[in-house]
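The values are calculated or read from the model by the stated rules, or taken from the named source; none is laboratory data. None of these values were measured; they are calculated from a predicted model. Every residue, glycine among them, receives a Cβ derived from its backbone with ideal geometry; neighbour counts consider all protein chains shown. Remember, those area values only see protein heavy atoms, side chains included, never the ligands or the DNA or RNA. Shrake-Rupley method; radii C 1.70, N 1.55, O 1.52, S 1.80 Å.
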Amino acid sequence: MNVIDAAYNVVHDYPGGADSLGPRVGKNSTTLSHEVARVGTAKFGLETAIKVSVMTGDMRILDAFAMQCGRTTLPLPSAAAQAQGGCIIERLGELLRESSDVVREVTASWSDGCISKNEMLRVERECGLLVRSVGVLLSAVRVQHEASKPGGGL
């Protein structure tokens, strides 16, 4: 999916579509609709893309942009997980689950000796989630390390 298609789908999949989302991102609903539909000279800009993505919580525009640039995106650990550290054993379990998801996706995708574009995208997604789980585990270990120092604590 390209960025323009992603923007159109994000806006129109939002409950109430452009009519509901436009005012929430500081746009006239007709203008927003025209921008994502590429009507006339209307252009969907980067600032609007950010507002729409944040407001909707839908990252398809970001992911499509990254994919068109040969990149991928990774969700960051939540602020709560970073501040709290979380249970190290729980984070380790998540890392192992993500590792097995990567193995499962790669083996399923390669089972016929070929890897399609969609299969590649699924493998990239699973690898991204694995990398994220490493970051979350590392955050938990760091928090525990700081708490273990004399005078430290959560």
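Here are the numbers for the structure shown:
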{"item": "Per-pair calculated FRET efficiency, R0 = 22 Å: Gln68 and Asp112 via Cβ, rounded to 0.05", "result": "0.20"}
{"item": "Mean Kyte hydropathy of -0.5 or more with a Cα span along the axis of at least 30 Å, helices from DSSP in the chain", "result": "88-110, 117-148"}
{"item": "R0 of 22 Å, Cβ-Cβ distance Arg38-Asp13: FRET efficiency to nearest 0.05", "result": "0.80"}
{"item": "Heavy-atom accessible surface of the chain: percent carbon and sulfur, 1.4 Å", "result": "58"}
{"item": "Residue-normalised accessible area of the chain, expressed per residue, 1.4 Å probe, Å²", "result": "64"}
{"item": "Cα Rg over Rh - the chain, Kirkwood", "result": "1.10"}
